[in-house]
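Student: Before I ask anything, let me first share the structure, which is written out below as structure tokens.
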Amino acid sequence: MNETSAGGGTGGGPQDSGGHDATERSDADDYHFSLSETFAEAWAVSKGNKWLLNVVVLVFLLVSLAFSALDGLVNAVFGDGGGGLALFGLVASLCVAIAANGFNGVMTSGVIVLGAKLSLGEEGGVQDLFRFLPRLVTAVLTQVLMVLAVLIGLLLLVLPGIYLLIAYSFAMPLALEKGLSPWQALETSRKAVSKRWFRFLGLSLACTALLIAGLLTLGIGLIWVLPLCILAYGIVYR
């Protein structure tokens, strides 16, 4: 997580090989980030990286669609069968869903870390989308724990679930990039985000509003909105 001062500077401290602050920073002193400054920086960085990020999003969507098509194929082939065939289809469909969620975590983390790299002036490419593929099992476990925690929170009083949904924003990249265990990643993200929870809620709502506005322009606005939001999250994660 970054430690941006009110003036927009980035705090020092131990860093990993990619130049990003180490996870211990999340338990260190308080930090500040401004939504207006974050989006201003993201807009400036997006001018030279707009098409790269749009291609990355396109590949992300194609992979997601491929998993959806595979799940549909499994259901079509085995869904009407009886006995053991139906059971096999159920197991196969479950495996596809687990793999899809794992890939989603891998690609989401790749997008966020790519945004952080680009904001630091480093080079990146579509290959960054799959840079954490060797940690697919960790992605699946982190996703399962995250979903269970959020669902339990939603079932209890709704508000705890909403709190965790925002607080776990960076759990996946922390698990995959920093090498934390799934539970450590969830707790590290929660502790860091909780210090400025309403700012992160504002970031989420702002990006959601921008994406809706982009869709209302027949999708044309997404050419600018998607890179902006990716970079905003990358800057905050940085």
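Read-outs throughout are calculated quantities, based only on the coordinates presented, and are distinct from any laboratory measurement. All of these numbers come straight from a predicted model, not from anything done at the bench. Here Cβ is always computed from backbone atoms with ideal geometry, including for glycine, and neighbour counts include all displayed protein chains.
Student: Give me the one-decimal nm value for the distance between modelled label points at residue 223 and residue 32, 7 Å along each residue's Cα-to-Cβ direction.
Tutor: 3.8
Student: Which of the residue pairs 47/178; 47/117; 50/117 have a Cα-Cα distance greater than 19 Å in the structure shown?
Tutor: Numbers: 47/178 29 Å; 47/117 15 Å; 50/117 14 Å.
Where the Cα-Cα span goes over 19 Å, the pairs concerned are 47/178.
Student: While we're on this one: Roughly how many debye, to the nearest 20, is the charge dipole of segment 23-237 about its Cα centre, given +1 on each Lys and Arg Cβ, -1 on each Asp and Glu Cβ, and no other charges?
Tutor: Values: 12 positive and 13 negative charges, 31 e Å.
Roughly 140 debye, rounded to the nearest 20.
Student: Taking amide hydrogens as modeled 1.01 Å from N in the peptide plane, which residues meet the under 5 Å criterion relative to residue 32, leaving out close sequence neighbours?
Tutor: Amide H neighbours of residue 32: 4.
Student: In nm, give the distance between the simple-model label positions of residue 40 and residue 154, each being 7 Å from the Cα along the Cα-to-Cβ direction.
Tutor: 3.7
Student: Something else: Show the residues, 5+ positions off or on another chain, whose built amide H is closer than 5 Å to the amide H of residue 131.
Tutor: none
Student: Using the Karplus curve 6.51 cos²θ - 1.76 cosθ + 1.60 with θ = phi - 60°, work out ³J(HN,Hα) for each residue of segment 119-131 in order, rounded to whole Hz, and write x for Gly and Pro.
Tutor: Residue by residue, segment 119-131 yields 5, 8, x, 7, 7, x, x, 4, 4, 5, 4, 10, 5 Hz.
Student: Pop out the ³J(HN,Hα) list for segment 158-172 in order, Karplus 6.51 cos²θ - 1.76 cosθ + 1.60 with θ = phi - 60°, rounded to Hz; leave Gly and Pro as x.
Tutor: For segment 158-172, the Karplus curve yields 6, 4, x, x, 5, 4, 5, 4, 7, 5, 8, 3, 10, 4, 5 Hz.
Student: Can you give me the relative contact order of segment 23-237 as a percent, contacts being Cα pairs under 8 Å and 6 or more apart?
Tutor: On the way: 260 pairs, mean separation 64.2, N = 215.
So the answer I get is 30 percent.
Student: For 68, 169, 204, which order do you get if you count the other beta carbons within 10 Å of each Cβ and list the fewest first? Don't skip to the end; give the middle numbers.
Tutor: Working: 68 12, 169 22, 204 15.
Ascending Cβ contact count within 10 Å gives the list 68, 204, 169.
Student: Continuing with the same structure: Stokes-Einstein D for segment 73-224 at 37 °C, 0.692 mPa s, Kirkwood Rh over Cα pairs, in µm²/s? Don't jump to the answer; show the numbers that get you there.
Tutor: Values: Rh = 17.6 Å.
Translational diffusion coefficient: 187 µm²/s.
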